[in-house]
Structure formats: structure tokens, C-alpha cells
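Participant: After the C-alpha cells below, expect a handful of questions from me.
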Amino acid sequence: MRVDSLSLRNFKCYAEADLGLEHGVTVVHGVNGSGKSTLLEAVFFALYGSKALDDRTLDDVITIGEDESEVDLAFTHDGTSYRIRRELKLRGDRATTTKCVLETPDDTVEGARDVRQEVTKLLRMDADAFVNCAYVRQGEVNKLIHASPRERQDMIDDLLQLGALEEYRERASEARLGVKDVLDRQEGALEKLREQIETKEDKDLPERLNALETRRADVVAEIDNFESQREAARETLEDATEVLERHEETREEITALKGDVEELRETISATERERERFLETIQDLESERESVLEERTSLLEDLEEPVSLSAGGGGYSDGVDGSDGPNDAESADENAPTVDARIDTLESRDDELRDQLEEIRVEITETSGEVDRLRTRADELESEADEKQATIDDLAETIEAEAETIERREETLSDLEDEIEAQRNRFEDAPIAFGDADDHRDELATQRDEYKSDLATVTARIEAVEASIEEGEALLEEGKCPECGQPVEDSPHVDVLDERREELADLEAERDDIEADLADAETRLERAEELVEVESEVAELEGNRENVAQLLDEKRETIAERRERRDELGERVEDLRETATDKRDEADDLEEGLAETRERLGDLNGERAEIKAELETLESVASLTDRLEELAGDLERARTERANKAELNEERRTRLSDKRERKRALEDEFDEGRIEDAREKKRNAEHYLEQVEPKLQELEEKREGIQNAIGAVEQELEDLEDLRTDLERVEDRVADLRSLYDEAETLQATYGDLRAELRQRNVETLERLLNETFDLVYQNDSYAAIDLDGDYRLTVYQKDGEALEPEQLSGGERALFNLSLRCAIYRLLAEGVEGSAPMPPLILDEPTVFLDSGHVTQLVSLIESMRDLGVEQIVVVSHDEELVGAADDLVRVEKDATSNRSRLERGEPPEAALLASD
Ligand SMILES: Nc1ncnc2c1ncn2[C@@H]1O[C@H](COP(=O)(O)OP(=O)(O)OP(=O)(O)O)[C@@H](O)[C@H]1O
Ligand SMILES: [Zn+2]
């Protein structure tokens with residue numbers, strides 16, 4: 001097998017790296033800490049996953065600060081290409097494998113476990129075997145030698161596939177011991193069973209059973225005997241008891257008969273006494289009937305109307321002793337009504353009278369109610385008439401007062417007419433007619449205003465002309481023209497002053513005229529104002545007159561209405577008084593009728609009182625008649641009762657004589673001798689029964705004891721049988737177990753022998769190969785040979801025959817020795833234990849640490865010889881120049897100081913270049 005390429009991403013110090021590997025020897029070199037070992041570890045990890053990490057964990061693999069990592073390894077094995085890819089992811093602070101795939105030309109294996117199993121199968125090595133054989137890790141160069149013989153045995157056995165045999169041998173041994181354990185226990189059980197059987201056989205069980213059965217038969221016979229005797233005693237007892245009981249019964253009956261006789265005699269005499277009392281009662285009842293009859297006869301005599309005692313009354317006419325004959329005196333009138341019929345007649349008459357009385361009473365109540373109503377109505381009518389009369393009187397007063405008011409108003413009206421006339425007369429000498437005063441006054445006022453304005457105009461003109469005259473005069477005095485102010489000489493304007501004086505005089509005249517007209521207009525205006533006032537006064541007066549006239553009309557109307565109303569009320573008063581009188585008359589008439597009605601009421605009450613008295617008498621008669629009937633019944637009953645009692649006594653007397661006879665017969669039959677004999681027999685039987693009972697119980701217990709003993713012996717016999725069956729079973733089992741034990745022992749021995757044999761064969765080859773290899777790498781005269789015994793104990797022999805433990809070799813020697821051993825194993829594997837084994841690349845991490853330069857040379861030759869032996873690929877991490885020089889291929893590892901990430905470089909190392917130039 002060889003690695004073709006390795007790709008890393010975020011694997012420890014590698015951010016990204018791709019490494020292709022060739023056949024032959026590849027040396028990886030670089031300074032400390034640059035990431036060389038990490039490359040080898042990555043190959044190991046790619047193959048075996050977490051098993052390659054020893055006690056580190058997956059998260060150690062992921063580059064610090066990253067959260068996922070990837071390894072991709074391609075390799076060729078037996079001419080076939082394989083590829084393993086693993087991806088890790090950090091989740092929280094734990095990393096897990098998220099992808100693990102092994103691709104083979106015709107299959108894809110997935111999952112860390114399955115991939116590892118597949119790799120182990122392909123390489124025929126698990127992770128442990130890989131580091132023991134193919135991968136010499138840094139510092140583990142002496143691993144095989146430093147291991148204890150036992151560990152070494154295991155390691156090498158595993159490598160040579162002998163481990164499984166040892167495992168099988170151990171399993172066989174375990175099985176053998178397990179079987180032995182069970183066998184021991186079963187043999188113990190067997191021993192115990194034999195002892196138990198022997199103990200039981202010593203007891204003579206069947207003989208004991210026979211003796212017990214004989215004893216049981218004896219006891220049972222005895223019990224039967226006693227039981228039949230007990231039965232006989234019981235019968236005797238029963239017979240005697242019966243005789244005695246019978247005797248007792250006869251005596252009791254005689255006693256009972258005595259009692260009965262006594263009782264009957266007493267009953268008979270008591271009944272005779274009762275009959276005596278009945279006779280007395282009968283006599284009392286007859287005397288009462290006598291007196292009741294007498295009383296009824298006297299009542300019937302008091303009645304005015306005669307009555308007959310009905311047929312039912314005949315009840316009292318019979319008599320047992322014939323002393324009472326029928327009494328016809330009371331029922332002489334055959335046609336008279338019976339008492340009950342008479343009572344009915346009287347009662348129905350009384351009902352009639354009561355109804356009539358009720359009617360009369362209602363009539364009286366109604367009539368006196370009507371009288372009261374009529375009188376009340378008359379009172380009401382009269383008081384209404386009085387009220388109306390008072391209203392009439394009030395109205396008369398009001399009418400009088402209103403008539404006076406009307407008179408006063410009429411006077412006022414004529415005064416107003418006079419005044420209006422006087423005012424209108426003032427227009428007689430006026431320039432205008434009544435009604436035009438307002439217009440006239442307005443006209444005059446306008447005229448006056450015109451005069452006033454004319455006057456103002458003229459006055460203004462006068463003032464202007466006067467001023468110009470004054471100015472002109474002043475100019476003239478200075479000698480200037482009064483008109484234009486030029487010098488006066490020859491001025492055409494000198495005359496103008498005079499013209500102006502003339503004009504002033506005209507204006508003044510005109511003003512005087514206007515002033516006269518204005519004065520006249522003022523006078524006329526004053527008069528016109530007066531007339532306007534008169535007109536308005538007349539209007540006011542006429543208004544007053546109208547109001548008064550209207551009021552007057554209203555008053556007159558009102559007074560007429562009142563008078564009408566007064567007259568109406570007068571008539572109404574008269575009507576009311578008349579009606580009241582009528583009502584009172586009617587009431588008086590009704591009252592007269594009432595007196596008569598009351599008289600009739602008295603008559604009817606009288607008649608009812610008579611009826612009541614007669615009814616009372618008749619009812620007494622009836623109740624006496626009833627009493628007579630009752631008495632007759634009582635008499636009948638008492639007589640019957642007395643007769644019955646006589647009959648009863650007759651019967652009792654018969655019974656009495658019967659009982660006396662029976663008693664005598666029983667007394668005759670009494671026999672004392674027989675009784676005494678029975679008593680004797682009874683005592684004897686009782687005595688026997690008393691004694692036989694405990695005896696029987698004792699025998700019963702004895703029989704039970706024997707029975708139990710028989711049961712126990714039988715049980716023991718059964719147990720013995722069971723034990724014998726058990727013994728047979730256990731004996732069979734022990735025999736089986738013994739043969740099983742022998743088989744396991746044989747198997748164990750076989751595996752041990754097989755392993756020893758195989759190991760011996762391997763050891764011989766291994767010893768030869770080791771000697772060859774060691775000779776090759778360590779041609780030293782002082783060592784003659786290496787001895788490897790069956791337990792892989794190594795002994796080195798010096799030329800002088802002295803034996804050395806490998807630990808006693810020098811450090812470098814030990815390293816070479818160890819590498820030789822590994823190479824020897826490698827060759828053994830290559831040559832094949834069971835056919836050709838795969839040859840993984842030999843991977844060495846810093847193998848030269850303990851070696852001096854001479855020995856490095858030997859290592860180089862060892863490596864070369866391995867290559868010659870057919871190891872396809874050797875990868876060595878080293879900074880040893882000699883090794884570098886021996887490399888077919890160089891990989892340089894460098895670490896970037898700033899990013900702290902490793903980088904790979906191929907080609908000649910500077911050192912090699914330097915060496916070359918040397
Ligand atoms: N998970 C990780 N992430 C980043 N860097 C890591 C991680 N694990 C280890 N390293 C670093 O990787 C570097 C390389 O270590 P490695 O053992 O491969 O060096 P080396 O070249 O073999 O050195 P030496 O010559 O001393 O044996 C170390 O400096 C280490 O700190
Ligand atoms: Zn002039």
C-alpha cells in the first residue's frame with residue numbers, strides 16, 4: 001500500500017495543504033514546530049480516525065480559531081485506488097465527525113466505525129498494530145524493546161495474527177473452569193442424595209408399616225363392639241322414658257279435669273245470677289213504659305185539634321205477660337190526622353207565615369226608605385230655592401248700581417258734545433275751514449323762511465357796497481382812482497362812487513320792504529299755529545266722546561242681560577218650592593200606609609206564636625212515642641238474653657257430668673308398679689351411656705394416632721422413591737459435565753499447542769530475519785547473533801559468547817536494534833504468515849535522534865534495504881542531512897511567522913544544495 005496524496009484543510013497548523021507522495025523515500029524536513037509530525041499524524045488520522053488520537057480528542061485536530069476541518073487521503077493498495085475523506089465540525093466546544101467516507105472502486109463505505117473496520121481489514125492492522133509496525137512515532141523508536149515481555153508478546157502475536165488463538169485458548173479455559181464449577185456443585189449434590197437414601201433405607205420402613213396396620217385393625221374391631229352396645233342402651237332408655245312420660249300425661253289430665261269441673265260449676269252459678277239481674281231489668285222497663293204512656297195521654301188531652309196515633313204506635317199494645325192491652329182512648333177520632341202529618345201541616349203554615357212576615361218587613365223598610373228620600377229631596381229643593389233667591393237679591397243691587405253709572409256716563413257725553421261745538425266755533429272767523437290748519441301753517445312757515453333768506457341776501461349786498469364805498473373814498477382822498485388805483489387825473493372811473501351810493505340807497509329800500517313782509521308773515525303763522533292746536537284738541541275730545549258712548553252701550557247691554565237673568569231665576573224659585581211641597585205630601589201618604597202594614601205584622605206574629613206552642617206539644621208526644629218503641633225493643637232483648645242464658649247453662653251441665661265421668665275412669669287406670677320398673681331401667685341405661693362415651697373417644701384417638709404414624713411412614717417411602725429418581729438424574733448430568741469438561745480441556749490445550757507451534761515457526765523465521773537485518777545495519781564485530789525464544793524474549797550474544805539483554809545496549813544500538821526488529825517483522829509480514837500481507841508505508845518520525853553520524857549511515861542503508869525488500873513507500877521526518885541526502889523526494893515544511901500557518905514546499909533543500917556545492 002502507498003499514499004498517493006494528502007489534502008488538509010484547517011488541520012492543526014495547516015490552513016490549506018496538498019501533498020502528493022511518490023514511490024520511494026520521501027524526507028520531510030523543516031525547523032522545529034513547523035508542522036512535520038502533523039503531516040504524518042494526518043495520514044494516521046485519515047486511516048483510523050479518533051483511534052489515531054490516543055488520549056486526545058477530535059477538537060484538538062481542528063485549527064485553533066476555526067470550526068471545521070477536512071482530511072482527504074488517496075492511496076493505492078494491491079493495484080486498487082482508495083480514497084478516504086473526513087470532515088469534522090465544532091459544535092459548542094466538542095468536535096464531531098460530520099462526514100467519513102471510504103471510496104473503493106466498486107463501493108462506498110460510510111460512517112467512522114465502518115470505515116475503520118474496512119481499513120483494518122484492508123491493512124490487516126488495527127491502529128495499535130499500525131503504530132507497532134508501520135508508523136514509528138516521534139520518541140517511540142524503542143517501543144518494542146521497552147515493552148514488557150508480555151506486552152511484546154501481545155504486540156507481536158497480534159501482528160502475526162496469533163492473538164486470536166490465544167483469545168480462543170483463554171475462552172476454552174474459561175469454559176472449562178465454568179464447567180468445573182457446575183460439575184463440582186453437582187457432585188456435591190450427588191453425594192448428599194446418596195447419604196439421604198442410605199439413611200432412609202436403614203429405617204426398615206415396610207416392616208414398620210405392616211406392624212402399624214395390624215394394630216389399626218385391632219382398635220377398629222374394639223370400637224365397633226362398643227358402638228353396638230351403646231346403640232342397645234339408647235333403645236332401652238327411649239322405651240323407659242316413653243312409659244314415664246305417658247304416666248306424667250295421665251296425671252296432668254286428671255289435674256286439668258279437676259280444674260275444668262270447678263270452673264264449669266262456677267260459670268253455671270254466675271250465669272244463674274245474671275238471669276236474676278235480667279229479670280229485675282225487665283220489671284224496671286215495664287214500670288217506665290207505664291209512666292210514659294200516662295204522660296203522653298195527658299199531652300194529647302191538652303191539644304185543641306185532635307190527632308190520631310199512627311199505626312206505628314201499635315208497638316206498645318203487645319205484652320209478653322198480657323198485662324198491657326191496647327189503649328183505644330187516645331185514638332178515638334179515626335179521621336183525625338196523625339201526629340207527624342199534623343206537625344208537617346203546622347210547619348208548612350209556619351213557613352208561609354215566615355215568608356209573609358219577611359215580605360212585610362221588606363215592604364216596611366222600603367216604604368220608610370222612600371219616605372226619608374222624599375223628605376230629603378224636599379229639603380234639598382227648598383235650600384236650592386233659597387240659594388237662587390239670594391242670587392236674585394244680589395242681581396237687583398248690581399242692576400241698581402249700574403243704572404246710576406249709565407246716568408253719569410250720559411251726562412259726561414253731553415258735556416263732551418258741548419265742548420266740541422265750542423272749539424269748532426273758533427273757526428268761524430278763521431281764513432281757512434276746519435281740517436285745513438296743518439297745510440295752512442306749513443305754507444306760511446315756508447313763506448316766512450323765503451322772506452328771511454331774501455333779507456339775508458340784501459343785507460349782505462348792502463354790507464359789500466358799503467365796504468367798497470369806504471375803500472373808494474379812502475383812495476380818492478389820496479388822489480387815486482377809486483376804481484383802478486391809478487392817479488385820478490383824467491380817470492374815467494371818478495363817477496363810480498356815486499353810482500355805488502345810489503345802489504346802496506336802493507338796496508336799503510328793498511331791505512325795508514322785506515322786513516315789513518316778514519313781520520306780517522310771522523303774525524299770520526302764530527294764528528295758524530293756534531288753529532292747528534284747536535284741531536288736535538277737537539280730535540281728542542271726539543275720541544273721548546266715542547269711548548264714553550261705547551262704554552255706555554256696553555253697560556246698557558249688560559244691565560238688560562242681568563234683568564233677564566233675574567226674572568228667569570224668580571220663575572225657577574217658584575217651581576222648586578212647588579215641587580218640594582208635592583214631595584212632602586207624597587211622604588205623608590206613604591207613612592199613613594205604613595201604620596196599617598205594621599198592624600198586619602203583629603197579627604201574623606201572634607199566629608206564629610200559637611203554632612209554635614202546638615208544635616212543641618206535638619214533638620213531645622212524638623218523642624214519648626219513640627221512647628215507648630225503644631222500651632219495647634229493650635224488653636224484647638232482655639227477655640231473649642235471659643232465655644239464651646238458660647239454654648247455655650243446660651249445655652254446661654251436660655259437659656260437667658261428662659268430665660266427671662272421664663276423671664273417674666283415669667283415676668282407675670293409674671298403676672304404680674309398672675312406673676317403678678321403668679324408672680329402674682332408665683337409670684341403668686343412662687349410667688352405661690355415660691361410661692361408654694369416654695371409652696369410645698379414647699379408642700378413636702388411639703386409632704387416629706396409628707393412622708398418622710402410617711401416613712408418616714408412607715410419606716417417607718414416597719420421599720425415598722423421589723430421592724432415587726433425583727439420584728439417577730444427577731448421575732446422568734455429572735457424567736455429561738465430565739465429558740464436557742474433558743472436551744474443554746482438550747480444546748484449550750489444542751489452541752495453546754497451535755499457538756505455540758505457529759509462534760515457534762514464526763519465531764524461527766523472525767529470528768533469522770532479525771539477525772540478517774541487524775547484521776546489515778550494524779556490522780559490528782562484537783555481536784555474534786540475536787536469539788529470539790518462543791516468548792519473544794530477545795537475547796543478544798557477543799562474540800565472546802556473553803549474553804546481553806537488549807536494554808543493556810547503547811541508546812543508538814537500541815534504536816537500530818528496534819528498527820531492525822520492526823523491519824524483520826515487516827519482512828515476515830511481507831513474506832506472509834498466511835499468504836501475502838499488505839505492506840503499508842514505513843513511516844518514521846525523527847528516527848535518528850539517538851544516532852551518531854555513522855549509525856545514520858546504517859539507518860540509511862536499512863531504509864534502502866527495506867526499499868529493496870519491496871516496501872513501496874518510506875516517509876521519514878528528519879532534519880538529518882545524510883537522510884535528506886538519501887531522499888528520492890524532499891518536502892519542506894515552513895511556518896509563516898505572521899499567520900502561524902504551515903506551508904509545504906517541494907524540491908531541493910538549501911542544505912542539500914549547500915552539500916552538493918561542497
Ligand atoms: N489545533 C491546532 N491548531 C493550530 N495549531 C496547532 C494545533 N495543534 C498543534 N498546533 C501547532 O502545530 C505546530 C506544529 O507541530 P509539529 O509537531 O507538527 O511540529 P514539527 O515540525 O514536527 O516540530 P519538531 O521538529 O519540533 O518535532 C506546533 O507549533 C503546534 O503549536
Ligand atoms: Zn384808473
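The values are calculated or read from the model by the stated rules, or taken from the named source; none is laboratory data. These numbers come from a predicted model, not from an experiment. We place every Cβ from the backbone using ideal geometry, glycine too, and count neighbours over all the protein chains shown. Calculation scope for accessible area: heavy atoms of the full protein, side chains included, ligands and nucleic acids excluded. Shrake-Rupley method; radii C 1.70, N 1.55, O 1.52, S 1.80 Å.
Participant: Which of the residues belonging to segment 877-909 are more than 24 Å from residue 864 (Cα to Cα) and small (Gly, Ala, Ser)?
Facilitator: 897, 899, 902
Participant: Right, something else. If we scan segment 338-351, do we find a residue that is of a type in the set (S, T, N, Q) and not in a helix (DSSP H, G or I)? Spell out the reasoning first.
Facilitator: From segment 338-351, those of a type in the set (S, T, N, Q) are 338, 345, 348; that's our starting set.
So of that shortlist, the ones also not in a helix (DSSP H, G or I) come out as 338.
Scanning segment 338-351, I find at least one residue that is of a type in the set (S, T, N, Q) and not in a helix (DSSP H, G or I), so the answer is yes.
Participant: Restricting attention to segment 504-527, does a residue exist that is open to solvent by less than 70 Å² (accessible area, probe 1.4 Å), of a type in the set (Ser, Thr, Tyr) and modelled with pLDDT of 90 or more?
Facilitator: no
Participant: Sort through 483, 428 and tell me the only one that's open to solvent by 80 Å² or more (accessible area, probe 1.4 Å) and within 16 Å of ligand 2 (Cβ to nearest atom). Outline the logic, then answer.
Facilitator: Working: 428 fails: within 16 Å of ligand 2 (Cβ to nearest atom).
None of the other options fit; the residue is 483.
Participant: Could you give me the residue pairs with C-beta distances under 7 Å whose first residue belongs to segment 511-534 and is closer than 16 Å to residue 426 by Cβ, whose second residue is of a type in the set (D, E, K, R) and open to solvent by 80 Å² or more (accessible area, probe 1.4 Å) wherever it lies, and which are 6+ apart or on separate chains?
Facilitator: 534/426
Participant: Please go through segment 39-62 and give me each residue that is open to solvent by less than 20 Å² (accessible area, probe 1.4 Å), within 8 Å of ligand 1 (Cβ to nearest atom) and part of a helix (DSSP H, G or I), ordered by number. If you could, list the steps in order and put the result at the bottom.
Facilitator: Keep residues of segment 39-62 that are open to solvent by less than 20 Å² (accessible area, probe 1.4 Å), which gives 39-40, 42-49, 52-53, 61-62.
Narrowing further to those that are within 8 Å of ligand 1 (Cβ to nearest atom): 39, 61-62.
Listed by number, the residues that qualify are 39, 61.
Participant: Do we find that residue 24 is in the same structural domain as residue 872 (by TED's automatic domain parsing) and away from ligand 1 (no atom under 16 Å from the Cβ) in this structure? Break it down into steps so the answer makes sense when it comes.
Facilitator: Details: in the same structural domain as residue 872 (by TED's automatic domain parsing): yes; away from ligand 1 (no atom under 16 Å from the Cβ): yes.
So residue 24 fits the description; yes.
Participant: Moving on to the next point. Working only within segment 16-48, note down all residues that are touching a Lys or Arg at 6+ places or on another chain (Cβ under 7 Å) and acidic (Asp, Glu).
Facilitator: 16
Participant: If we scan segment 470-488, do we find a residue that is part of a helix (DSSP H, G or I) and in contact (Cβ under 8 Å) with a residue 60 or more places away in the chain? Spell out how you get there, then give the answer.
Facilitator: Taking segment 470-488 as the starting set, the residues that turn out to be part of a helix (DSSP H, G or I) are 470-478.
From the residues that got through so far, the ones that are in contact (Cβ under 8 Å) with a residue 60 or more places away in the chain too are none.
No, segment 470-488 contains no residue that is part of a helix (DSSP H, G or I) and in contact (Cβ under 8 Å) with a residue 60 or more places away in the chain.
Participant: Also, quick follow-up: Is it true that residue 92 is more than 16 Å from ligand 1 (Cβ to nearest atom) and exposed (fewer than 14 other Cβ atoms within 10 Å of the Cβ)? I'd like the intermediate steps shown before the answer.
Facilitator: Values: more than 16 Å from ligand 1 (Cβ to nearest atom): yes; exposed (fewer than 14 other Cβ atoms within 10 Å of the Cβ): yes.
So residue 92 fits the description; yes.
Participant: Regarding residue 342, is this residue open to solvent by 70 Å² or more (accessible area, probe 1.4 Å), outside the structural domain of residue 545 (by TED's automatic domain parsing) and not small (Gly, Ala, Ser)?
Facilitator: Values: open to solvent by 70 Å² or more (accessible area, probe 1.4 Å): no; outside the structural domain of residue 545 (by TED's automatic domain parsing): yes; not small (Gly, Ala, Ser): yes.
So residue 342 fails the test.
Participant: Enumerate the pairs (first residue in segment 299-311 and open to solvent by 30 Å² or more (accessible area, probe 1.4 Å); second residue anywhere and of a type in the set (Gly, Ala, Ser) and modelled with pLDDT of 80 or more) with beta-carbon separation below 8 Å, excluding pairs fewer than 6 apart on the same chain, so at least 6 apart or on different chains.
Facilitator: Once the first residue is open to solvent by 30 Å² or more (accessible area, probe 1.4 Å) and sits in segment 299-311, its partners that are of a type in the set (Gly, Ala, Ser) and modelled with pLDDT of 80 or more give 299/620.
Participant: Would you point out the residue of segment 89-110, among those that are under 53 Å from the mean Cα position of the chain (by Cα) and charged (D, E, K, R), that is farthest from residue 67 (Cα to Cα)?
Facilitator: In the first step, residues of segment 89-110 are kept if they are under 53 Å from the mean Cα position of the chain (by Cα); the result is 89-99.
In the following step, the residues that additionally are charged (D, E, K, R) were identified as 89, 91, 93-94, 99.
Values: 89: 6, 91: 8, 93: 9, 94: 10, 99: 14 Å.
Per the criteria, the residue is 99.
Participant: Regarding segment 63-70, can at least one residue be identified that is near ligand 1 (Cβ under 7 Å from one of its atoms) and open to solvent by less than 60 Å² (accessible area, probe 1.4 Å)? It would help to see each step written out before you state the result.
Facilitator: So in segment 63-70, the residues near ligand 1 (Cβ under 7 Å from one of its atoms) come out as 63-64.
Within this subset, residues satisfying the condition of being open to solvent by less than 60 Å² (accessible area, probe 1.4 Å) are 63.
Within segment 63-70, one or more residues are near ligand 1 (Cβ under 7 Å from one of its atoms) and open to solvent by less than 60 Å² (accessible area, probe 1.4 Å).
Participant: Only residues in segment 111-127 that are in contact (Cβ under 8 Å) with a residue 60 or more places away in the chain and surrounded by fewer than 16 Cβ atoms within 10 Å (Cβ to Cβ) count as the first member; pair them with residues that are outside any helix (DSSP H, G or I) and of a type outside the set (A, V, I, L, M, F, W, C), Cβ under 8 angstrom, at least 6 apart or cross-chain, and list the lot.
Facilitator: Matching pairs, first to second residue: 124/161; 124/838.
Participant: Looking at segment 556-575, can you tell me whether even one residue there is within 30 Å of residue 299 (Cβ to Cβ) and open to solvent by 100 Å² or more (accessible area, probe 1.4 Å)?
Facilitator: If we filter segment 556-575 for residues that are within 30 Å of residue 299 (Cβ to Cβ), which is where we start, we get none.
For segment 556-575, residues within 30 Å of residue 299 (Cβ to Cβ) and open to solvent by 100 Å² or more (accessible area, probe 1.4 Å): absent.
Participant: Could we say that residue 666 is open to solvent by less than 90 Å² (accessible area, probe 1.4 Å) and within 30 Å of residue 198 (Cβ to Cβ) here? Write out each step before concluding.
Facilitator: On the way: open to solvent by less than 90 Å² (accessible area, probe 1.4 Å): yes; within 30 Å of residue 198 (Cβ to Cβ): no.
No, not satisfied.
Participant: Only one of 580, 509 is more than 30 Å from residue 405 (Cβ to Cβ) and in contact with a Leu (Cβ under 8 Å, 6 or more places away or on another chain); which? Can you show your working first?
Facilitator: Working: 509 fails: in contact with a Leu (Cβ under 8 Å, 6 or more places away or on another chain).
The unique qualifying residue is 580.
Participant: Being under 30 Å from residue 857 (Cα atoms) and among the hydroxyl-bearing types (Ser, Thr, Tyr) is the filter here, so list the residues in segment 723-780 that pass it. Outline the logic, then answer.
Facilitator: Filtering segment 723-780 for residues under 30 Å from residue 857 (Cα atoms) gives 762-780.
Listed by number, the residues that qualify are 765, 773, 778.
Participant: Can you confirm whether residue 377 is under 30 Å from residue 619 (Cα atoms) and touching a residue at least 60 places away in the same chain (Cβ under 8 Å)?
Facilitator: No, not satisfied.
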